[in-house]
Amino acid sequence: MSSDLIVSVENRVGYLTLNRPEVRNALSEDIVTGLRDQLVAWERDTAVRAIVLRGAGEHFQSGGDVKRMGALAGLPSAERRALFEQRIHNLHPVLFLMRRIRKPIVAGVQGAAAGAGMSFMMACDLVVAADSAFFTLAYVHIGTSPDGGSTYFLPRTVGMKKAMEIALLGDRFDAKTAQQWGLVNFVVPADRLADETRKLAERLASGPGQALGNTKLLLNGSLGNTLESQLQAEGISFADCAASRDWAEGVTAFGEKRKPQFKGE
């Protein structure tokens, strides 16, 4: 594993730490490959029941490495086009995995979440942001359109008119604004970000694993489903959960008026 991505596990939570603080954790090929490989490994790893995505240093993630991109400006147009199309498609498996994996993913955001950093954040299931964090979908400022799934996630989160404003103007906004627009779940003091993110992830990791995973997939699937197909999916999902040990523990604990002890089974 490259040093561009730090991987650790603690209390059933897997931590993915983007580790290029000298460039605000701008994307690298090693980060993309590392995220893909680790999500694949954790998909069936029962020891990991929730995941945290975060950045090392003062920032979450600032998008692509624009300085490195600048070195390619002198290439012929056709060569640049082919190169960037391939790079962007290499990112897509990571986004699919983030949405598909049956484990909640929490983003812990400090400093900048810009460009692809916003895309990664929106692909997560829950977001905890420091009160000093800031956000911008800044693609327009380097003369390109957004990638990383942001044109999919953004209008579904904030509505089409607000998405147009964010993407076409590329303005910067703060954590409270991001929360008001539905992009962020929780805003906490910067010195509490790591602790509050950990507590949320550990709370999820102690929950009923199959129920949480099924709920995540149901909500994601609802964006493209008819009511009929969604109701069908809900019925199948509930029945699957009812066959689990966690369901038996949950209803038993409810009857005994105690807190359930879920095992993720």
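Some points to look at:
- Segment 223-241, subset at pLDDT 95 or above and among the small types (Gly, Ala, Ser), residue farthest from TRP42 (Cα to Cα): SER229
- Every listed requirement among (1) closer than 23 Å to VAL48 by Cα; (2) surrounded by 12 or more Cβ atoms within 10 Å (Cβ to Cβ) is met by ALA243 save one, (2).
- Condition met for ALA138 (under 22 Å from ASP195 (Cβ atoms) and touching a strand residue (DSSP E or B) at 6+ places or on another chain (Cβ under 7 Å)): no
- Residues in segment 39-62 that are out of contact with any Lys or Arg (no Cβ under 7 Å at 6 or more places or on another chain), touching a residue at least 60 places away in the same chain (Cβ under 8 Å) and β-branched (Val, Ile, Thr): THR46, VAL52.
- Flag for VAL140 being within 17 Å of VAL188 (Cβ to Cβ) and either of a type in the set (Val, Ile, Thr) or surrounded by 14 or more Cβ atoms within 10 Å (Cβ to Cβ) (or both): no
- Looking across segment 174-213, the residues that are of a type outside the set (A, V, I, L, M) and open to solvent by less than 20 Å² (accessible area, probe 1.4 Å) come down to THR197, GLY207, GLY213.
- Residue pairs whose Cβ atoms lie under 7 Å apart, sitting 6 or more positions apart in sequence or on different chains, and linking a residue in segment 219-237 that is exposed (fewer than 12 other Cβ atoms within 10 Å of the Cβ) to a partner that is modelled with pLDDT under 95 and among the hydroxyl-bearing types (Ser, Thr, Tyr), do not occur here.
- Filter result (in contact (Cβ under 8 Å) with a residue 60 or more places away in the chain and open to solvent by 80 Å² or more (accessible area, probe 1.4 Å)) within segment 67-101: ARG100
- Scanning segment 1-38 for residues that are of a type in the set (Val, Ile, Thr) and either closer than 16 Å to GLY64 by Cβ or in contact (Cβ under 8 Å) with a residue 60 or more places away in the chain (or both), we see that the one that is surrounded by the fewest Cβ atoms within 10 Å (Cβ to Cβ) is VAL23.
- Index of the failed condition, TYR152 passing every other in (1) surrounded by 15 or more Cβ atoms within 10 Å (Cβ to Cβ); (2) touching a residue at least 12 places away in the same chain (Cβ under 8 Å): (2)
- Scanning segment 246-265 for residues that are surrounded by 14 or more Cβ atoms within 10 Å (Cβ to Cβ) and on the phi > 0 side of the Ramachandran plot returns a single hit, GLY264.
The values are calculated or read from the model by the stated rules, or taken from the named source; none is laboratory data. Just so we're clear, the structure is a prediction, and the values are computed from it rather than from any experiment. Heads up, the Cβs are rebuilt from the backbone with ideal geometry, glycines too, and the neighbour counts pull from every protein chain shown. These accessible areas exclude ligands, DNA and RNA; they are computed on the full protein's heavy atoms, side chains included. Shrake-Rupley method; radii C 1.70, N 1.55, O 1.52, S 1.80 Å.
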